[in-house]
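As structure tokens, the structure follows; a few thoughts come after it.
The values are calculated or read from the model by the stated rules, or taken from the named source; none is laboratory data. Model, not experiment: these values are computed from the prediction. Because the Cβ atoms are built from the backbone with ideal geometry, glycine has one as well, and the counts that use them run over all protein chains shown. Accessible surface areas use protein heavy atoms only, side chains included; no ligands, DNA or RNA. Shrake-Rupley method; radii C 1.70, N 1.55, O 1.52, S 1.80 Å.
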Amino acid sequence: MSPLKGSGRLALGTATIVNSILTLSPQLLALFVLIPSLFGMFSIVYLVYAFAVSLTLSFVSEPLIRSRVEPDKPRVWQGYISALLSLAFVAGVVSALSALMLGMQLGLALVASVAVASSAVRSGVRFWQLHVNDWRKVMLGDAHGVVGFWLAASICLATDASALFTVIASWMIAGVASLISSFHSFVWSPRFTSEWVRRHSTDIGLLLRDSILMDIGAIFTPLLLASSLSLSSFGTYRAVSNVASPVRLLLNPLRPYIGASARSGGIRLSRVRWLTCTAGILVGTLASLALWSIDFLGFKMGVISSLATFIIPVGIFVGGNFVGHFFYIRSRISSNGKLLFVGRIIQTTLMTIGPILGVLFGGLSGAIWSLGLVTIISACAWMLIDGASVKAFRTQEDTI
């Protein structure tokens, strides 16, 4: 991936904004139109999608960068897209089964399945296009996805469609539209998939171990809490995480560049820390102020209104999540297996034990407060691990 200059930086900024809007749209609409119980139902399906994206990063996208293979040979793309399609198909099946178990009708479960699968494929394809600087397809896909989502949502809302159908159907339209409009040659073969996994097995093993540990805290722990809380309380708990989505989405489209920055040496580590922590405090404060304003003005906005009594812990969580996510992305690329494993063990332990103890001793309130506090501790851990990884890498470079 070559350094960005001039028009490249403008394209990156534009693409980041549009992609953030696209990825945020289903969660944002769900926050404002779904009551807590329905939001809890939507969240479980969305967690399947989140797990699918996590797996695509470990199996497909990030191994491409770590291996430093030039993606100009057809064979590279064939393996990449084949592995991506395989993962997306499995994710679609799992999401449909999950939706049926939650009580959704078959038609809506199939819509959810297509939404998850198409969005997962688009995520991986976009990563590739960003990696090869194919800005036209990146921005075309994102733009059509945004237009498709809100056009479908407007039609559903105007025709009095159910709130849950509105959110999931609009999400599906966005995924399909963004994928079709940014069409890249699609091929699938078990042979291409197996060759890809075999060729990148070392990097996949390292990244997958880290991802699974992360997902225990970020995905499987919430699902465990769902069995301890009512569906309505679970919806409120998951809404806390969704409030942090805008700031995470500012970072995720930049993953290739944030990861590369850890190895570039272009900016001092102390300055990176200062800027990131300042940004974390700012976004956390803004999140709390937004929730306070909604409550103060008396707006009734779906599940988000249920967060009015958790303004402070939500702000703590949002700020800590921004800082931790930034340094985690850098660590994924720069750190060796041992440091990455240590960081993931720390975060997984905190994000698993904290909320569970919170639920046991304080119910919903205890879960949300503990979530905010352990997120801050986890962010500090990733900051330290990133620092150790960068120093080790630069020392190694100096000796070569």
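Things worth noting here:
- Evaluated at q = 0.11, 0.15, 0.17 Å⁻¹, the base-10 log of the normalised Debye intensity for region 33-153, with identical point scatterers placed on the Cα atoms, takes the values -0.43, -0.75, -0.91.
- With the cut-off at under 15 Å, measuring from each backbone N in region 79-115 to a point 7 Å along the Cα-to-Cβ line of PHE165 picks out 104-112.
- Region 145-195-region 14-46 distance, computed between alpha-carbon centres (Å): 13 Å
- Span from the region 51-130 Cα centroid across to the region 312-330 one, whole angstrom: 26 Å
- Two-site FRET efficiency, ARG75 against THR14, from Cβ-Cβ distance with R₀ of 35 Å, rounded to 0.05: 0.65
- A Förster radius of 25 Å combined with the Cβ-Cβ distance from THR309 to SER230 puts the calculated FRET efficiency at roughly 0.90.
- Relative intensity of region 241-368 on a log10 scale, I(q)/I(0) at q = 0.17 Å⁻¹, equals -1.00, per a Debye sum over C-alpha point scatterers of equal strength in the absence of solvent.
- For the chain: relative contact order, % (alpha-carbon pairs under 8 angstrom, 6 or more apart): 21 percent
- Estimated distance in nm for a label pair at SER365 and MET101, the labels positioned 7 Å out from Cα along Cα-to-Cβ: 3.2 nm
- FRET efficiency for ARG268 and LEU357, using Cβ-Cβ distance with R0 set to 35 Å, rounded to 0.05: 0.35
- Axial C-alpha extent at least 30 Å, average Kyte-Doolittle at least 0.0 - helices from the chain (DSSP): 7-33, 74-101, 106-131, 135-158, 269-296, 311-334, 337-399
- Average Cα contact separation per residue, region 38-141, under 8 Å, 6 or more apart, as relative contact order %: 34 percent
- Counting 0.36 nm for each residue step from ALA279 to PHE186 and taking away their Cα separation leaves a gain of 29.5 nm.
- Highest average packing first - 35-44, 314-323, 350-359, Cβ atoms within 10 Å: 314-323, 35-44, 350-359
- Rg in Å to one decimal, and Dmax rounded to a whole Å, for the chain via C-alpha atoms: 20.4, 66
- Helix-only [θ]222 nm of the chain, DSSP H runs n ≥ 4, -39500 (n - 2.57) each, per residue, nearest 500: -28000 deg cm²/dmol
- Heavy-atom accessible area order for TRP135, TRP196, TRP150, largest first, 1.4 Å probe: TRP150, TRP135, TRP196
- Using a simple spin-label model with pseudo-atoms 7 Å out from Cα toward Cβ, PHE296 and ARG198 lie 6.3 nm apart.
- When +1 charges are put on Lys and Arg Cβ atoms and -1 charges on Asp and Glu Cβ atoms, the dipole computed for the chain relative to its Cα centre reaches about 980 debye.
- Extension gain (nm, one decimal) between ILE377 and PHE220, 0.36 nm per residue minus Cα-Cα: 54.5 nm
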